[in-house]
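*Asks:* This structure is in structure tokens; I'll ask about it shortly.
The values are calculated or read from the model by the stated rules, or taken from the named source; none is laboratory data. If you're wondering where the values come from, they're calculated on a predicted model, not measured in any experiment. Using ideal geometry, Cβ is built from the backbone for each residue, glycine included, and neighbour counts are taken over all protein chains shown.
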Amino acid sequence: MNTPHPDTRNEHIAFIGGGNMASAILGGLLRQGLPASQIQVVEPFAEQRARLQQQFQVAVSETPQASLSRATLVVWAVKPQTFKEAAAQACPHTAGALHLSVAAGIRSSSIAQWLGTERIVRAMPNTPALVGKGMTALFARPAAAAPDQRAVERVIQTTGDYLWLSQEEQLDAVTALSGSGPAYVFYFMEAMIQAGLDMGLSREQARKLAIGTFVGASALAKDAEEPPEVLRARVTSKGGTTYAALSAMEADDIKPRFIRAMQAARQRAGELGDEFGAG
């Protein structure tokens, strides 16, 4: 096991909610050397509690316990519609903690009101965090100063890359772009696999080709100095096969429709804040 970072030796991290995103962060912390004894999870569903205990050997409870008061960082990995109720149950034990929310849409002002603290960081991660390839955007309220931000970075970097935002409103756009983004990739993979089947490939052949193409193209885009439109142009010879495919997409207005879809996701993120925020 890795040696814990000196800054983490007195850290105790509590997770409110033990679903996929909490599991991704929790697993990353353990891989980086944080002892399981310094982690606890509040998870209302018995089946999920059993899975967490078996997989990670961490303390898990159905409801917030007094032991929550030792947490230096509380990670809120709950659904937006349950956040307010969960906060009411936990806040008597978490007054001295830094709070990190990964709940979509719920604004930090609502969280501050529910928890009675201003030391709040909002995060919008995505599911590739499960394999250490996540992309997370972060916003800190003014009271979450540099030491708090470094503590959050130590946690989030176990799941992949991150970037800080200066305006909380940008998190709705991040939700639409990268938060929901893996689903768009999977959607296009589905279409490519189905096309492969329709054109005579086996499912396994089509699957390997589709996934390999996304992995390779993403790696190329990440390492290249040129923007994606230049990379696209390099493989699009006029009159060739790629040109035929892209021309068909242009004729069907795929790009503007795709952009409108992400705008719909951003709008829904804002609606979640209005619907389930402070009140």
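*Asks:* Suppose we filter MET135, MET189 for residues that are outside the structural domain of GLY28 (by TED's automatic domain parsing) and without any contact (Cβ under 8 Å) to a residue 60 or more places away in the chain; which single one remains?
*Replies:* Only one candidate passes the filter, namely MET189.
Table: residues versus (1) touching a helix residue (DSSP H, G or I) at 6+ places or on another chain (Cβ under 9 Å); (2) part of a loop (DSSP other than H, G, I, E, B); (3) farther than 14 Å from GLY160 by Cα; (4) not assigned by TED's automatic domain parsing to the domain that holds LEU98.
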{"site": "GLU11", "(1), (2), (3), (4)": "yes, yes, yes, no"}
{"site": "PHE15", "(1), (2), (3), (4)": "yes, no, yes, no"}
{"site": "GLY18", "(1), (2), (3), (4)": "yes, yes, yes, no"}
{"site": "MET21", "(1), (2), (3), (4)": "yes, no, no, no"}
{"site": "ILE25", "(1), (2), (3), (4)": "yes, no, no, no"}
{"site": "GLY28", "(1), (2), (3), (4)": "yes, no, no, no"}
{"site": "GLY33", "(1), (2), (3), (4)": "yes, yes, yes, no"}
{"site": "SER37", "(1), (2), (3), (4)": "no, no, yes, no"}
{"site": "GLN40", "(1), (2), (3), (4)": "yes, no, yes, no"}
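*Asks:* When the residues of the stretch 236-279 are narrowed to those that are within 30 Å of ILE111 (Cβ to Cβ) and not in a helix (DSSP H, G or I), which ends up nearest to the chain's Cα centre (by Cα)?
*Replies:* The residue in question is GLY277.
*Asks:* I'd like to know if the stretch 72-87 contains one or more residues that are in a helix (DSSP H, G or I), among the small types (Gly, Ala, Ser) and closer than 23 Å to VAL121 by Cα.
*Replies:* Within the stretch 72-87, one or more residues are in a helix (DSSP H, G or I), among the small types (Gly, Ala, Ser) and closer than 23 Å to VAL121 by Cα.
*Asks:* So, of the residues in the stretch 50-83 that are in contact with a His (Cβ under 6 Å, 6 or more places away or on another chain) and of a type in the set (Val, Ile, Thr), which turns out to be surrounded by the most Cβ atoms within 10 Å (Cβ to Cβ)?
*Replies:* For the stretch 50-83, the residue satisfying everything is VAL74.
*Asks:* Then there's this: ALA195: among the hydrophobic types (A, V, I, L, M, F, W, C), under 21 Å from the mean Cα position of the chain (by Cα) and either in a helix (DSSP H, G or I) or over 30 Å from ARG107 (Cβ atoms) (or both), yes or no?
*Replies:* Criteria not met by ALA195.
*Asks:* Restrict the check to the stretch 91-99 and report whether at least one residue is crowded, with 18+ Cβ neighbours inside 10 Å, polar (S, T, N, Q) and assigned to a loop (DSSP other than H, G, I, E, B).
*Replies:* Looking for residues that are crowded, with 18+ Cβ neighbours inside 10 Å, polar (S, T, N, Q) and assigned to a loop (DSSP other than H, G, I, E, B), one finds at least one in the stretch 91-99, hence yes.
Yes/no matrix, rows are residues, columns are (1) surrounded by 13 or more Cβ atoms within 10 Å (Cβ to Cβ); (2) of a type in the set (A, V, I, L, M):
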{"site": "TYR184", "(1), (2)": "yes, no"}
{"site": "TYR187", "(1), (2)": "no, no"}
{"site": "GLU204", "(1), (2)": "no, no"}
{"site": "ARG207", "(1), (2)": "yes, no"}
{"site": "ALA219", "(1), (2)": "no, yes"}
{"site": "LYS222", "(1), (2)": "no, no"}
{"site": "LEU231", "(1), (2)": "yes, yes"}
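*Asks:* Name the residue, out of PRO182, PRO142, that is assigned to a helix (DSSP H, G or I), out of contact with any Cys (no Cβ under 8 Å at 6 or more places or on another chain) and either modelled with pLDDT of 95 or more or closer than 19 Å to ARG119 by Cα (or both).
*Replies:* Among PRO182, PRO142, only PRO182 is assigned to a helix (DSSP H, G or I), out of contact with any Cys (no Cβ under 8 Å at 6 or more places or on another chain) and either modelled with pLDDT of 95 or more or closer than 19 Å to ARG119 by Cα (or both).
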